Every structure is written in structure tokens, then in C-alpha cells.
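Novice: Have a look at this one.
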Amino acid sequence: MTNATTRASATNTRANARTPPSPTRRPARTAPAEAASARISAPARRASHMTNATPRASATSTRVNAPIRRNPTRRRAETAPAGAESAPTFCAGVTCVAQDECHDTGQCDKHTGQCSNPAKPDTATCGNGACRGGVCTDLCLAVTCVAQDECHDAGACDKHTGQCTNPVKPDTSTCGNGACRSGVCTDLCAGVTCIAQDECHDAGECDKHTGQCSSPAKPDTETCTLGACRSGVCTDLCVGVTCPVPDECHTQGACASTSGICAPNPARDDGEPCTGGTCRSGECVPSPPDGGTADAGDVTDAGTADGGPLDDAGPRESDAGRYAAPSPYSCIPCSSAGAPSLVLLACAVLCARRRGRRPPEA
């Protein structure tokens, strides 16, 4: 029994010899309860060296009751200002791109690694129209463009704005009050006065759609300086007209330029020669045979009154109804008692031939 105790004491002594005594440390500032606990624990530690307790248990008790040494680095981390230490990020290698044409490029959230997806404002345009709430929208849906007025055409809708264009009609277009000029309906006859083009036209009327005056032709019954109007042209109607001469005791008549009709042919002067005689009142009268004898049936015997020859004294009257022709060699006037005018004319012609002058009219 004594030997066993001796061996145990030797073992404890060796164990205590191997465990170096804890260096003297300046106790940390603790609360009064902690200081009392430390004072109570010191005799216990000394008593444990005198008991048969296991050295490991004693060492463990010593470590548990020993004051805690603080890590200076940790103290600095706890007292450092917020954000001084770089936190881990999930955006490494992340590139944000726009989702579509109605979204802008977002930003990566370092806590989640996700990109934001901001929508573009509604003023932004896109391929098919304009952005509305982040969606590309055709603004011309349900839009019908109509013409503003009669001098404008129906325009086309702009899908980016939803507005219709307002194209003007060309200046060749007509409208109710005239013609279109730069999109305004205009009366083109304002300030226009129509006048006659010439003497074969009347003053026309102005067309408010064109500003031009009409030029109506006068009827063909109207006369003009050269003749008469024909389809608006003053025409000499005698051009190409030749008035005929009916016989040799008439002269050519004059053509009227206003009608193209020839006037009656005027007769030649009486006594003008014609074929076989002379002209009298527009007729050719045959001349009696040379010698002054009367025509058969009118004078029975040339130069006689009762069947006998006449002397050179001149004509002799026999009875009523008879007459005597002058001698071929005398210019004594024929007796007009009962002589026909043809015989008297023949006498005058014969006398004129004898004397070489124009015969007198009967």
C-alpha cells in the first residue's frame, strides 16, 4: 500500500514537472464577478497539484479558467469603418446587355449577379414603331388617314409617331372654286378680263379652273374686212370664183366677197358690134344686107314704094303702112311712117357706114 502510494506520487510529480507553469499574465479587465471567480480558481489550481487528480484534467481546468487573449487583427476588423473591407462580388465576369430595342443596358447587382433591365422612355422609337412601356408598338394600328381638304391627298401614317402626313395635291388639280395652288383652292379668273381675239370671234368667258378665256367664233353669217367669217376666219369668198359671161353683148359681172356670188352681167352699150350685127339692150341685132334694103316680108322691093325704083331724091311714101328705104348712096333719113324699128336701125347703120361714124340710136 505504501509502495503504491509512493509510485503514484512520483508519477504526479513527473507530470507536474512536464507541465510548465503558466506565465504570469496581466489579468484582463473583467467584471467583479469574473475577478472573484479568478481568485477562487487560483487556490483550486494549487490544490490540484497536491491531489491525485489526473494531470490532463488539471491542465484542462487551467485552460478553461485562463483569461481569453483577443486577436488584434480581429479587433481592428470589428472597429474598422463600414465598406473598408472588400466584400465578395457575384458580378465578376458578368456583362450586362440590353434585352431588346425598347430596353437599355442594365447594371449588375454584386449581391445577386443579376443585371437590371430598365425600359426606355416612351419617346424612344423602335423598328416597328415606338416604345411603350418597354414594348415596341406600331402606333398606326387603328389609325385611318383622311384628306384635310380638296387640295390635299390622304396621307400616310408614321408608325413611329402615329401621325398622318398631309401631302398637297399638284397645281394641276381642280377644286370647287378653281384650281389648287400650293394646297389652297384658288379662283384663277380673279383679275382676268376676256377680250375678242379678232373680228371673227366674240369675247369669251374665263374658266376659273384654268384662268383661260374661251374664244367663241362668230357665226358664218357675219361679215368682216375681207369678206365673211368662216369658222372664225375672215375669208374672201370670191377667191377661186370666176363670174361667167353669158354672151358677147354682156360684160363679166362682179363677185361679192361677202357671199361669193356673182352680180348680174351688165349689158354692153347699144351699138357695140357683135357677131353679125350690133348690140342693143343686151342683145345682138343682125345688120341688114349692104345696100339698105329691108328684110323680106317687111319691105317688098328694095328702094321702091310701089314696085318701082327710087330716085336719088330720097324715100317716097306710097300709102299708109308702107315705108321707103334710103338709097345705098344717100344718107337721107328713112321715113318712119309705118317702118319697123329694125328697118330704121338698119338705115342708120348703113348711113353711118357711109359717113364713117357711129350710127345714132333709134
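Novice: Tell me yes or no: at least one residue of the range 151-161 is modelled with pLDDT of 95 or more, touching a Lys or Arg at 6+ places or on another chain (Cβ under 7 Å) and either part of a loop (DSSP other than H, G, I, E, B) or among the acidic types (Asp, Glu) (or both).
Specialist: Yes.
Novice: Applying the selection to the range 269-287, what residues are outside any strand (DSSP E or B) and without any contact (Cβ under 8 Å) to a residue 40 or more places away in the chain?
Specialist: Within the range 269-287, Asp269, Glu272, Thr275, Gly276, Ser281, Gly282 qualify.
Novice: Kindly indicate which of Ser257, Ser281, Ser173, Ser214 is farther than 30 Å from Ala147 by Cα and in contact with a Cys (Cβ under 6 Å, 6 or more places away or on another chain).
Specialist: Of the residues listed, the single one that is farther than 30 Å from Ala147 by Cα and in contact with a Cys (Cβ under 6 Å, 6 or more places away or on another chain) is Ser257.
Novice: Same structure again: For Gly183, are the conditions met, namely being modelled with pLDDT of 95 or more and of a type outside the set (D, E, K, R)?
Specialist: Taking the combined requirement at face value, the residue satisfies it.
Novice: Please count how many residues of the range 199-236 are among the hydrophobic types (A, V, I, L, M, F, W, C), in contact (Cβ under 8 Å) with a residue 24 or more places away in the chain and part of a loop (DSSP other than H, G, I, E, B).
Specialist: 3
Novice: With the requirement that a residue be of a type in the set (A, V, I, L, M) and at pLDDT below 90, what does the range 275-294 give you?
Specialist: Ala294
To keep it simple, each residue is scored yes or no on (1) within 30 Å of Cys200 (Cα to Cα); (2) surrounded by 16 or more Cβ atoms within 10 Å (Cβ to Cβ); (3) within 60 Å of the chain's Cα centre (by Cα).
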{"position": "Asp236", "(1), (2), (3)": "yes, yes, yes"}
{"position": "Val239", "(1), (2), (3)": "yes, no, yes"}
{"position": "His250", "(1), (2), (3)": "no, yes, no"}
{"position": "Glu272", "(1), (2), (3)": "no, no, no"}
{"position": "Ser281", "(1), (2), (3)": "no, no, no"}
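Novice: While we're on this one: Pick from Ala142, Ala130, Ala147: which is within 17 Å of Cys164 (Cα to Cα), exposed (fewer than 15 other Cβ atoms within 10 Å of the Cβ) and modelled with pLDDT of 95 or more?
Specialist: Ala147
The values are calculated or read from the model by the stated rules, or taken from the named source; none is laboratory data. None of these values were measured; they are calculated from a predicted model. Glycine also receives a Cβ, built like all others from the backbone with ideal geometry; neighbour counts cover every protein chain displayed.
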